[in-house]
């Protein structure tokens with residue numbers, strides 16, 4: 001087939017020669033290449049010419065003249081006289097070949113015609129590179145037009161020469177209306193003078209340090225509204241001219257989010273007050289400026305009970321109410337913060353006068369005498385306050401906050417609803433508590449914790465019918481320690497629940513040992529730890545210990561304190577009720593000393609009341625104490641409960657209690673807490689009691 005026009009055809013070659021694959025091209029571009037091909041053939045006196053683009057085995061014939069595809073079948077092209085000029089682009093890149101051929105000629109081209117062939121090859125290269133540049137420009141413009149980012153280009157006079165659609169939308173201009181205008185249309189008037197100076201300097205001294213950097217600036221829309229954008233500058237040279245362009249995007253949402261994050265980082269989300277980080281930042285600033293500062297910390301008395309009994313939603317509402325009232329107690333420029341939980345802080349600064357702190361605390365305590373009405377409930381909110389004073393840059397902010405916290409701790413230890421100012425002795429006390437805390441961690445493993453037992457006696461027989469297990473610490477340096485020396489530290493210790501389990505296990509083991517030694521069975525009373533109850537394993541621990549030592553459930557009596565009663569919810573009561581149902585006795589310790597006692601008679605599955613020693617001590621001389629004891633005995637009889645009186649030190653106390661109807665007693669009259677062997681000897685001396693035969 002003879003090619004009669006300027007078209008594209010597939011050149012058939014032997015299997016070991018490069019093959020060609022034709023492809024469609026833009027008509028105008030292909031027409032230009034076809035004309036060059038025809039001119040080359042005519043000027044060189046060749047009947048056939050073609051342009052092959054590519055360097056691999058598969059090359060595209062972009063234009064051909066006078067070429068017979070059938071004649072150039074396999075096995076012919078390699079034998080035909082063919083002259084080839086390589087197409088070498090900018091940088092030496094091989095683009096393809098310009099080929100001419102005369103099947104009838106038997107001699108190669110002479111130098112003159114070879115030079116002309118190379119000149120035509122140069123024309124082809126120019127055409128192909130212009131074609132590439134045009135394609136690249138088209139792609140770039142298409143990409144810019146479709147991009148989400150805004151693109152804008154200006155000349156050295158500041159005139160806008162190009163914008164994409166995203167830029168027109170960003171600045172609220174119609175299509176094409178920004179072209180030819182001064183770039184200052186997107187710059188707020190207050191920034192234009194500075195922009196003009198910087199732009200002139202940039203043009204004069206290009207390149208600039210701004211090129212390639214992303215910065216944030218304020219831009220202006222067509223209606224004059226300003227907004228923040230992210231801006232990246234670029235420059236280029238074309239035809240001896242400098243081009244200046246920028247890529248931009250609106251960061252209003254980012255800025256708003258950053259401001260929100262900044263606010264969240266410095267403010268408490270529940271109350272809107274400053275948070276701990278903001279409070280510390282403000283305190284550091286005051287101290288760094290050389291001023292004195294007073295830090296006041298306060299927390300709510302009994303807030304945990306509000307959360308536990310009424311739920312966290314009510315607790316949160318109460319905290320919000322406190323956050324509204326607290327700032328009213330201080331000046332408007334005073335920093336008030338929520339440090340976390342129910343703890344709040346006040347920064348008096350610049351101020352180093354303890355009298356100001358005391359006056360502020362008194363005002364807060366007075367204001368908080370008024371009740372809070374929250375979620376249909378009325379609350380009397382008590383506060384404890386502690387304060388510490390620091391002076392200048394030499395004061396560490398975190399240390400000052402810690403000192404105020406120590407003063408707060410002291411206020412709570414001193415009875416709550418009071419104010420304490422930090423004293424160095426408080427820190428020494430904390431160090432001592434921490435040392436004690438660390439020593440307790442090793443005491444159980446080292447066998448330093450032991451149980452002593454105080455006898456409980458039946459009035460009618462004088463025999464030992466029970467014993468209260470009391471914890472003692474055989475300290476390696478300080479000797480035998482009573483609970484008053486370490487119990488508060490122990491109750492706050494992470495091992496408290498574990499020690500509670502050990503006490504129950506040890507009491508059961510000792511009861512089994514007494515039984516194995518032939519002593520009559522007696523009940524063993526154990527004081528419960530709040531941490532053990534909260535751990536949720538009490539019922540399981542008790543039943544496991546009873547089963548391990550084959551003890552009847554009535555052998556064990558669990559003593560519940562008023563503190564536990566106050567905090568008792570269904571989760572706490574459930575294991576106690578389960579144990580009571582299995583026959584484990586439950587006693588209320590120190591009954592009559594607190595306001596929770598009467599309500600607990602209904603809520604707790606009790607078997608015994610323990611009359612507190614404070615009533616027994618003056619029962620012979622104080623008519624009120626005697627009447628209280630009679631009332632307790634009457635209530636116990638009405639509820640079907642047994643009663644035991646604590647703190648009996650003389651036979652006259654025992655006599656009057658027995659006359660009132662009390663049947664059992666415990667106190668120094670019968671013996672102090674003693675080691676197990678000593679109690680065994682006492683049991684033998686007083687004789688066996690048949691009253692406890694049911695616990696065998």
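The values are calculated or read from the model by the stated rules, or taken from the named source; none is laboratory data. Here the structure is a predicted model, which is why all the values come from computation and not from measurement. Quick reminder, even Gly has a Cβ in these numbers, built from the backbone with ideal geometry, and neighbours come from all protein chains shown.
Hey, among 229, 215, which residue is more than 30 Å from residue 399 (Cα to Cα), surrounded by 15 or more Cβ atoms within 10 Å (Cβ to Cβ), in contact with a strand residue (DSSP E or B) (Cβ under 8 Å, 6 or more places away or on another chain) and at pLDDT 75 or above?
Details: 215 fails: surrounded by 15 or more Cβ atoms within 10 Å (Cβ to Cβ).
Exactly one of 229, 215 is more than 30 Å from residue 399 (Cα to Cα), surrounded by 15 or more Cβ atoms within 10 Å (Cβ to Cβ), in contact with a strand residue (DSSP E or B) (Cβ under 8 Å, 6 or more places away or on another chain) and at pLDDT 75 or above, namely 229.
If you go through the stretch 522-529 one residue at a time, do you hit one that is surrounded by fewer than 16 Cβ atoms within 10 Å (Cβ to Cβ) and assigned by TED's automatic domain parsing to the domain that holds residue 683?
Step one: of the stretch 522-529, the residues surrounded by fewer than 16 Cβ atoms within 10 Å (Cβ to Cβ) are none.
No.
Filtering the stretch 82-98 down to residues that are part of a strand (DSSP E or B) and out of contact with any helix residue (DSSP H, G or I) (no Cβ under 9 Å at 6 or more places or on another chain), which residue is modelled with the lowest pLDDT? Before you say what the answer is, go through the steps one by one.
Filtering the stretch 82-98 down to residues part of a strand (DSSP E or B) leaves 82-88, 94-98.
Applying the additional criterion that residues be out of contact with any helix residue (DSSP H, G or I) (no Cβ under 9 Å at 6 or more places or on another chain) yields 82, 94.
Working: 82: 82, 94: 87.
The qualifying residue modelled with the lowest pLDDT is 82.
Could you go through the stretch 385-392 and let me know if any residue there is surrounded by fewer than 20 Cβ atoms within 10 Å (Cβ to Cβ) and under 15 Å from residue 329 (Cα atoms). Walk me through how you get there before you give the answer.
Looking only at the stretch 385-392, we keep the residues that are surrounded by fewer than 20 Cβ atoms within 10 Å (Cβ to Cβ), and these are 391-392.
Right, trim to under 15 Å from residue 329 (Cα atoms) and you get none.
Scanning the stretch 385-392 turns up no residue that is surrounded by fewer than 20 Cβ atoms within 10 Å (Cβ to Cβ) and under 15 Å from residue 329 (Cα atoms).
Restricting to the stretch 430-458, count the residues that are outside any strand (DSSP E or B), closer than 18 Å to residue 492 by Cα and touching a residue at least 12 places away in the same chain (Cβ under 8 Å).
Summing the residues that are outside any strand (DSSP E or B), closer than 18 Å to residue 492 by Cα and touching a residue at least 12 places away in the same chain (Cβ under 8 Å) in the stretch 430-458 gives 9.
Condition first: at pLDDT 90 or above and either in a helix (DSSP H, G or I) or within 53 Å of the chain's Cα centre (by Cα) (or both). Now tell me which residues in the stretch 668-696 satisfy that.
To start, the set of residues in the stretch 668-696 that are at pLDDT 90 or above comprises 668-683.
Answer for the stretch 668-696, where residues must be at pLDDT 90 or above and either in a helix (DSSP H, G or I) or within 53 Å of the chain's Cα centre (by Cα) (or both): 672, 673, 674, 675, 676, 677, 678, 679, 680, 681, 682, 683.
Run down 519, 532 and say which single residue is outside any strand (DSSP E or B), modelled with pLDDT under 95 and crowded, with 20+ Cβ neighbours inside 10 Å.
Values: 519 fails: crowded, with 20+ Cβ neighbours inside 10 Å.
Step by step, each of 519, 532 is checked, and only 532 is outside any strand (DSSP E or B), modelled with pLDDT under 95 and crowded, with 20+ Cβ neighbours inside 10 Å.
Exactly one condition in (1) surrounded by fewer than 16 Cβ atoms within 10 Å (Cβ to Cβ); (2) modelled with pLDDT under 90; (3) part of a loop (DSSP other than H, G, I, E, B) is not met by residue 461; state its number.
Condition not satisfied by residue 461: (2).
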